[in-house]
Amino acid sequence: MSDSKNLRPALFLDRDGTLMEEVDHCRDPALVKAYPGASEELSRAKALGWATIIVTNQSGIGRGYFTEEEFRAVQSELLRQLGDVIDASYMAPDHPDTPSPRRKPAPGMILEATAEHGIDLSRSWMIGDKAIDIECGRNAGVRTILVETGYGRKTAECIPDHRAPTVTEAIRIALSY
């Protein structure tokens, strides 16, 4: 177990609809469009010592809509557009009907990242555009921000700690604490 003084806060970020424009079950890297300003705010977070970690459900793999190789191609394009600002990415390929400790809203990906990257959950945030992102953050014991991009505009059934119009504003909120 790490000494709590050596732990750092993290931004746990959903991918589709949060860091990049929502494309239902995106399998084509040509459709990837990172949100403007995300790279700059993530770079600022890293400069302040924060970990930046993507946690994403990819049920399209479990449903047979696309392959893990196609997922990796889309992920690579997003990371290329963002630049060197993401420390790690975690993905749950499970079908929604398959019980999984990793698939959001379960906290498995966050807990895995916490152990691997020395994260202080008490100072960390989950940022996403769906109720399952907010529930995942709560299940992991982190604060939450719902962005109003992707599905966020239509998400009324959850109560995050904060709401933000974009991921850039969400990151600013998290870093202000």
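Bear in mind that the values in this text are calculations on the coordinates, not laboratory data. Note that the structure is a prediction, hence the values are computed from the model and not measured. Glycine also receives a Cβ, built like all others from the backbone with ideal geometry; neighbour counts cover every protein chain displayed.
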Open item on the list: So I have (i) 13.5; (ii) 9.4; (iii) 10.2, and one of them is mean projected area of the Cα convex hull in nm² calculated from this model. Which one is it?
Closed with: (ii)
Open item on the list: Taking θ = phi - 60°, what integer Hz values does the Karplus form 6.51 cos²θ - 1.76 cosθ + 1.60 yield along region 164-171, in sequence order, with x for Gly and Pro?
Closed with: 9, x, 9, 5, 4, 5, 4, 5
Open item on the list: I'd like the antiparallel share, as a percent to the nearest 5, of DSSP beta bridges with both residues in the chain.
Closed with: 5
Open item on the list: Quick check for region 4-175: number of Lys pairs with alpha-carbon distance under 29 Å, counting only pairs 8 or more apart or on different chains?
Closed with: 11
Open item on the list: Which one, LEU19, PRO101, LEU175, projects farthest toward the positive side of the charge dipole computed for the chain from Cβ point charges (K/R +1, D/E -1)?
Closed with: LEU175
- [ ] Pick out, in residue order, every one of the chymotrypsin sites (Phe, Trp or Tyr not before Pro) in region 1-81 that is DSSP loop and has at most 14 other C-beta atoms within 10 Å; say none if there are none.
- [x] TYR65
Task: In order through region 52-64: 3J(HN,Hα) via Karplus (6.51 cos²θ - 1.76 cosθ + 1.60), integer Hz, x for Gly, Pro - done: 10, 9, 7, 10, 9, 7, 10, 5, x, 5, x, 8, x
Open item on the list: Tell me the net charge near ARG63. Cut-off is 12 Å between Cβ atoms, ARG63 excluded, with +1 for each Lys or Arg and -1 for each Asp or Glu.
Closed with: -2
TODO: Provide the gained length on full extension for the span LYS154 to ASP97, in nm with one decimal, where the gain is 0.36 nm per separating residue minus the Cα-Cα distance.
DONE: 18.2 nm
Open item on the list: Quick query: amide H of ILE119 versus all other amide H atoms, modeled in the peptide plane; which residues come in under 5 Å with a sequence gap of 5 or more or a different chain?
Closed with: ARG8
Open item on the list: Per 0.36 nm of contour for each residue apart, how much would the distance between TYR177 and ARG80 grow if the chain were fully extended, relative to their Cα-Cα spacing?
Closed with: 32.0 nm
- [ ] For the chain, build the charge dipole from Cβ charges (+1 Lys, Arg; -1 Asp, Glu) around the Cα centre, then report which of TYR65, ALA131, ALA164 sits farthest towards its positive end.
- [x] ALA164
Open item on the list: Under 5 Å between amide hydrogens, which residues at least 5 positions from GLN58 or on another chain qualify, with H placed 1.01 Å from N in the peptide plane?
Closed with: ALA92, ASP94
TODO: Search the structure for amide H atoms under 5 Å from the amide H of ALA88, placed 1.01 Å from N in the peptide plane, and list their residues when 5 or more places away or on another chain.
DONE: THR52, ILE54
- [ ] Output ³J(HN,Hα) for region 34-46: one whole-Hz value per residue in order, computed from phi by the Karplus curve 6.51 cos²θ - 1.76 cosθ + 1.60 with θ = phi - 60°, and x for Gly and Pro.
- [x] 5, 5, x, x, 4, 4, 5, 5, 5, 4, 5, 4, 4
